[in-house]
Protein chains: 4
Amino acid sequence: MKLMKLSVLFMTFILAAQVYGQKHSSTPPEVSPMPMKPEMTEIWEPEVRVVTPGKKLGDPPSDAIILFDGSNLDQWVSQKDPSKPAPWKIVDNDHFEVVPGSGGISTKMKFGDCQFHIEFSAPDKVEGESQGRGNSGVFFQNRYELQILDSYNNRTYRNGQAGSIYKDHAPLVNAMRSPLEWNTYDVIYRAPRFKENGELDTKATITVLHNGVLIQNNVDINGITYYIGLHNYPEAHGEDVISLQDHGNKTQFRNIWIRRL
Amino acid sequence: MKLMKLSVLFMTFILAAQVYGQKHSSTPPEVSPMPMKPEMTEIWEPEVRVVTPGKKLGDPPSDAIILFDGSNLDQWVSQKDPSKPAPWKIVDNDHFEVVPGSGGISTKMKFGDCQFHIEFSAPDKVEGESQGRGNSGVFFQNRYELQILDSYNNRTYRNGQAGSIYKDHAPLVNAMRSPLEWNTYDVIYRAPRFKENGELDTKATITVLHNGVLIQNNVDINGITYYIGLHNYPEAHGEDVISLQDHGNKTQFRNIWIRRL
Amino acid sequence: MKLMKLSVLFMTFILAAQVYGQKHSSTPPEVSPMPMKPEMTEIWEPEVRVVTPGKKLGDPPSDAIILFDGSNLDQWVSQKDPSKPAPWKIVDNDHFEVVPGSGGISTKMKFGDCQFHIEFSAPDKVEGESQGRGNSGVFFQNRYELQILDSYNNRTYRNGQAGSIYKDHAPLVNAMRSPLEWNTYDVIYRAPRFKENGELDTKATITVLHNGVLIQNNVDINGITYYIGLHNYPEAHGEDVISLQDHGNKTQFRNIWIRRL
Amino acid sequence: MKLMKLSVLFMTFILAAQVYGQKHSSTPPEVSPMPMKPEMTEIWEPEVRVVTPGKKLGDPPSDAIILFDGSNLDQWVSQKDPSKPAPWKIVDNDHFEVVPGSGGISTKMKFGDCQFHIEFSAPDKVEGESQGRGNSGVFFQNRYELQILDSYNNRTYRNGQAGSIYKDHAPLVNAMRSPLEWNTYDVIYRAPRFKENGELDTKATITVLHNGVLIQNNVDINGITYYIGLHNYPEAHGEDVISLQDHGNKTQFRNIWIRRL
């Protein structure tokens, strides 16, 4: 009885395979003498976790940690003295602004691999030029800088403009909006790996979309961001805070969230 | 005279380095006995190309090729017979819909490495289950399938649900919206490379954001998508069309654009 | 005065650069507006550790752990019961031989990334065919098999012959010697990495030279070696023993050493 | 009847799987609901090409191109003027020696990906220090230098000693023999890939064994070897000659062969 059922089932598989096979790509050429059945390459376990996406692109999904939603800077502290609150200014319950000279700010929580979303706008009043205009930056693991700059009609060295991995990789294109508009960075960041003896195992990598346009395509990050000299990975480290740089310009920020990967 | 100026310039550099150095990360430990100057790691040429981003996330940037904007299917042909127009139906000058049984559709143009954006919605009326519900797919280079399915409250094998590289990689999470809503895929696709003798050199890779949520993180694509058996790269190929699958369900599509990388 | 000296020094650098530049490749095109000096890309620290190589190729260098030098099996235990000695037979104080039916043997020590050297010879008397002739194998981390087989005039499936990563990667070429001769495998093995949550981070990779001929070129190992079905990485693990397989044939082994990487 | 046979066959498979499963690793956990049979993962075609290895390690295998076997320099030309013969000196029908001041030599044939073997010895009479002692180098594709130096009891900058990718990667260890002995380099070289628009696609990579000891482990080569400044890939190129450097020292060479990969 059971065998009969098995045979019927088997025939069904063969037929199904033929029908579906036409809809999908054709079956492979002779790679194995004994053909498989479709079910042999179906993986059911474990079930994929459900995440509710944000209402529109850029909104945080259900599993994101909200780092800033307009209301407060509770997720941030002073970079100079992490025991003190973040010294920057919230505006209109909507965004916050660098207070020049107050120093950078850092997340309270530490992160490694992550999907990160941030929105920023250069100061409304255009002043300065090259690196002097709208300069700030996102430091992943407090070390590796994704540059923020007002790169709208503002030439500087290519590996120092908005969207560059500072002094490491120029962005693929310049997708910067004007200082009166908001920009987004959507980042997929992979932390560096270190061996037990402290040596680098694999470099950090980063992919960045700037206003939805790909500007960094899974590039290696060649080490800690230095203003002078070659970048390197001088010592092992684990998860660390994300910092925003005070470079003396009133850059604005809003809608910051992160997902651990 | 010139020397005096040089020395002043030099002092300025040193001072500038010290000031800026504090704002950025500190200078590296002893990696080279002779220190550099900041300008030595500034790359100015060539200037980075400007791209105007779309008005909001999901909108095509200025250098995108528009594959569908609601008006017509002029960029598409019948997959079965590329000399014939795409046999699917435009609705409300807004989106188009699979005409079940008419066969898939393909782009007229061929593509390799690309950033690709597409929006899709499962049929409004929920029918069937598992692979039978809202099934379609995007075939990069007419071979490698990013699965489209109604995976909202619809369990199937994990490597066959929405956002999977079909029978290759399950999505990291299930970020599917309900059939009454629109979904987005934002894809960074790298084509496989082949050697002159036809052998595979490097596999294709893919990164996918589903409704803004990372679901494929730079994974290798292990070969042509087969319904039965192991995937492989049986022969070399160049750029090729992108196809959308007719799997018998009235899946809807809108706002499709692509950027060559 | 100092300035004068500086300028002379500077001229000397420029001249030196020109002279040396001719001996090496030419200097780069305009990548940075301010040229470097040669010393700026010289890294002196830390000094590179000295290793005394073996007398001839195949001999163990000074930092190798000797796993077998002809004298004893003290570095090995029974795979079935690691509390028991390795049940295989030393011959002529030169090599050892599988004792069919006694089970595999494993190293006492555990290893991860390594450079590994082993010599082996198929049974002198040729019996059986395909997988039945001279079958054994090296299991890195007790899981990932580099196949040993008598592949001299003995056809089998390509991903199961000598030098294959069993049922994963066929060797690039068949460099097997006759059963009356000794073969060498020189292996560069990189262990898989796992995330803290137990998921695979990066696959193991392997490079193999068979009798000095490259047969595996830094390929990914796709998971635990299974005789049936698809390979995978079901769970995280650390360093583990290296095992040699008892597959019922009297394969011979000698000169086994390993360097931790 | 057929069904009965099928069921018997099926039982046989199950049993076989159990028996073989013990000899190999165990079967995988629940990755697919329908188990495979062993034959389904056996790939038979195409048959792997046979190569006869050299008699001992270091000897050229049957598919190698012999670049020097002691008899003549017919495979080499002057680097300065490729229309002229290689200006170096053959000694004792065994090896050849740099003629300082005559310029480098290059292969007549061009190569890309390859397995490369070379033997070299520093000048017998020890003179000079640091970069001045026994300096030469192998330039893959006439651009990327694997350094040759007398690094036996001769400190220099780590990324410039024997076995370094010059001013790019220091060797993992210093496995240099004395000037009265011969050294071997066994190299696995992968050429850089370029896109059609001339941009770099993937960097070159290299693995080097120095006297059988791993000194470069599949590292990226970061561009053309420059004596001054940062290395880069300024333009696309195809296969190219391999050159040996005249750096003013009487370095000796013998037994050079290459296999295209």
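Every number in this text was worked out from the coordinates using simple rules, so none of it is lab data. Small disclaimer: the values here were computed from a predicted structure and weren't measured. Quick reminder, even Gly has a Cβ in these numbers, built from the backbone with ideal geometry, and neighbours come from all protein chains shown.
Beyond 61 Å, what share of the Cα-Cα pairs of the protein assembly as shown is found? Please give it as a whole percent.
Counting every Cα pair in the protein assembly as shown, those more than 61 Å apart make up 12 percent.
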Nm distances between copies for B:K108, ranked from closest, using label points 7 Å along Cα→Cβ:
5.3, 5.8, 7.5
Computed label-point distance, nm, for sites C:N197 and A:M109 using a 7 Å Cα→Cβ extension:
1.3 nm
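Over the Cα atoms of region A:212-261, compute the convex hull volume and normalise it per residue, giving Å³. Please list the in-between numbers first.
Numbers: hull volume 8.7 nm³, N = 50.
That works out to 174 Å³ per residue.
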Mean separation of Cα pairs under 8 Å and 6+ residues apart, divided by the residue count of chain D: what relative contact order is that in percent?
24 percent
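Using only C-alpha positions, report the orientation-averaged shadow area of the convex hull of region B:109-203, nm², one decimal. If you can, show how the numbers build up before the last one.
Details: hull surface 27.5 nm².
Answer in nm², one decimal: 6.9.
What FRET efficiency, computed as 1/(1 + (r/R0)^6) with R0 = 22 Å and r the Cβ-Cβ distance, is obtained for B:D92 and B:D59, rounded to the nearest 0.05?
Working: r = 19 Å, r/R0 = 0.87.
The computed FRET efficiency comes out at 0.70.
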Assume the label is 7 Å from Cα along Cα to beta carbon: what separations in nm does D:I65 have to the matching positions in the other copies?
3.8, 4.2, 5.5
Three principal axis extents, largest first, for the C-alpha atoms of region C:180-245, in Å?
47, 23, 22
Can you grab the distance from the C-alpha centre of region A:154-175 to the C-alpha centre of region D:56-76, Å, no decimals?
48 Å
Cα-Cα pairs in region A:150-261 separated by more than 18 Å, as a whole percent of all pairs, come to 57 percent
Name the chain A residue nearest the rotation axis between A and B, going by Cβ position, and give the distance in whole Å.
A:L57, 2
Using the Cα atoms of chain C, I'd like the radius of gyration and the largest Cα-Cα distance, Dmax, both in angstrom.
24.6, 88
In debye, nearest 20, what is the charge dipole magnitude of chain A about its Cα centre with +1 on Lys and Arg Cβ and -1 on Asp and Glu Cβ, if you could check?
380 debye
Bins of 10 Å, beginning at zero and ending with the bin holding the largest distance: percent of Cα pairs per bin for region B:60-158, please.
13, 43, 35, 9, 0
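Any of C:K55/D:K55; D:K56/D:K167; B:K56/B:K89; A:K56/C:K195; B:K195/D:K167 with alpha carbons more than 24 Å apart? Name them for me.
D:K56/D:K167; B:K56/B:K89; A:K56/C:K195; B:K195/D:K167
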To one decimal in nm, how far is D:K84 from the same spot in the other copies, if labels go 7 Å from Cα toward Cβ? Please give the shortest first.
7.0, 7.1, 7.4
0 to 90° range, to nearest 10: angle between helix C:2-23 axis and chain C longest Cα axis:
50 degrees
In nanometres, what is the gap between the two model label sites at A:E181 and B:K80, each 7 Å from Cα along Cα-to-Cβ?
4.4 nm
